[in-house]
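Below you'll find the structure, written out as structure tokens, and then a few comments.
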Amino acid sequence: MQGTPWQTALAGAFTHPQALFEFLQLDPALLPAALQAATTFPLRVPLGYAALMRKGDPADPLLRQVLPLAQELQDQAGFDTNPVGDLQAEALPGLLQKYRGRALLIATGACAINCRYCFRRHYPYQQGSATPRQQRQILEHLRRDESLSEVILSGGDPLLLDDRRLAGWLDDLAAIPHLRRLRLHSRLPVVLPERISESLAHLLTASRLQTVMVIHANHPREISAAVADGLQQLSEQGIRLLNQSVLLRGVNDSAETLAELSEQLFDAGVMPYYLHLLDRVDGAAHFELPAAKSQQIYQALLAALPGYLVPKLVREEVGAPSKTPVI
Ligand SMILES: *Cc1c(COP(=O)(O)O)cnc(C)c1O
Ligand code: SF4
């Protein structure tokens, strides 16, 4: 599996809480809880991402996103393991269809980073990628459904597929005449910028399909020089870049932080897209903000930025025909 620089970087990610604690010089008193919470959802943090965190600060907004905490183990009313209805939306194994015209393909269940607030932390992904048989069934389904104009490669993280597998999907999808756009949902440009290369950009722009990439950054300090370089490389090749964030207590719960994030993203060629309210997934209750506080932050964000730099505040409701705008 080794070989490319990004695969080496991925293999070097922190997966053991103790190693991360030592690297960041964190108070060992927090370690037993981290070890325990990591048994329900493993720790995973690429080294380059951990290097952006402040040493010795358990409240660092980047660390908060990945640090297993004792609070995760407490049951909270209203939080469950399938909060956004993904199981009901499965058209086939590996394919979700909730909204008109778009189908979301789980290209692989793996991620380069494990975000503690992730709504998929309990989703029963098979490890690894779709089997060749599942891949054939998915393509057959997409070919038959002429209402579709866009396929979203998601996961997990689709950029964990190597260029050869990605090219395979792209070729197969481009051969379906009614498809117009290919979208990738990936956090790799932010947490593993080593993944971005000229050959990846070329592969994505060579397709007949228009390519849109939706990245996932939550805090301005995530946009390091290496991340900005990678993003610029993609946008210069003509790939449209959008960002989605999740509004998270202790991470980005201020209009100032979110405004700075939008500014940094725009500098790197990325337009803000969505600001999601937290999905109420088991183990993530400590990230939730009171509704009134979310509104207040958003109002302040509207007042701080030009309209095109303000992401849409949305929430996901089971059975709704789109993400639901929060007014
Ligand atoms: C969020 C989501 C999409 C994308 O929705 P957009 O509003 O187009 O960004 C598509 N399919 C599924 C299943 C989703 O959860
Ligand atoms: S799917 Fe996205 S939010 Fe969830 S763990 Fe993977 S990278 Fe993080």
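Tabulated data
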item	result
Virtual spin-label span in nm between ARG143 and ALA291, 7 Å along Cα→Cβ	4.7
Kirkwood Rh, angstrom, segment 263-327 [1 / mean 1/r, Cα pairs]	13.3
Candidates per GluC sites (Glu not before Pro) in segment 213-292, loop by DSSP, up to 10 other Cβ within 10 Å	none
Heavy-atom accessible area per residue - segment 55-175, 1.4 Å, Å²	43
Histogram of C-alpha separations across the chain, 10 Å bin width, %	6, 26, 36, 26, 7, 0
Summed side-chain charge close to GLN71 - residues other than GLN71 whose Cβ falls under 12 Å, Lys, Arg +1, Asp, Glu -1	-1
Linear extension gain, ASP172 paired with ALA320, 0.36 nm per residue minus alpha-carbon span	50.3 nm
Fraction of alpha-carbon pairs over 19 Å apart in segment 18-141 - percent	57
Long-range lysine pairs (8 or more apart or interchain), the chain, Cα under 22 Å	5
Contour minus Cα-Cα distance for LEU31 and ASP229 (0.36 nm per residue)	67.8 nm
Rotationally averaged projected area of segment 5-73 (alpha carbon convex hull; nm²)	4.4
Filtered trypsin sites (Lys or Arg not before Pro), segment 25-79: DSSP coil and at most 12 other beta carbons within 10 Å	LYS55
Amide hydrogen neighbours beyond the local backbone of ARG240, cut-off 5 Å, H modeled	THR211, MET213
For segment 64-205, convex hull of alpha carbons as volume per residue, Å³	117
Rough spin-label spacing in nm, given labels placed 7 Å along Cα→Cβ, for ALA70 and SER254	2.7
For segment 152-229 and segment 1-63, distance of Cα centres in Å	24
Stokes-Einstein D (µm²/s) once Rh is taken as the Kirkwood radius of segment 238-285 over alpha-carbon pairs, at 10 °C in 1.306 mPa s	134
Volume of the Cα convex hull of segment 151-261, divided per residue and given in Å³	104
For segment 197-251: rounded, prolate or oblate by the Cα gyration tensor [a/c cutoff 1.5]	oblate
Rounded percent of accessible protein surface that carbon and sulfur make up, the chain, 1.4 Å probe	53
0 to 90° range, to nearest 10: angle between helix 163-174 axis and the chain longest Cα axis	50
Three semi-axes of the equivalent ellipsoid, segment 185-327, Cα gyration tensor, whole Å, largest first	27, 17, 14
ASP60, ASP279, ASP172, ASP267, reordered so the largest accessible area comes first (probe 1.4 Å)	ASP267, ASP172, ASP279, ASP60
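The values are calculated or read from the model by the stated rules, or taken from the named source; none is laboratory data. Being a predicted model, the structure only gives us computed values, none of them experimental. Positions of Cβ are backbone-derived with ideal geometry, glycine not excepted, and every protein chain shown enters the neighbour counts. When the accessible area is computed, the model is the full protein with side chains, heavy atoms only, and any ligands, DNA or RNA have been set aside. Shrake-Rupley method; radii C 1.70, N 1.55, O 1.52, S 1.80 Å.
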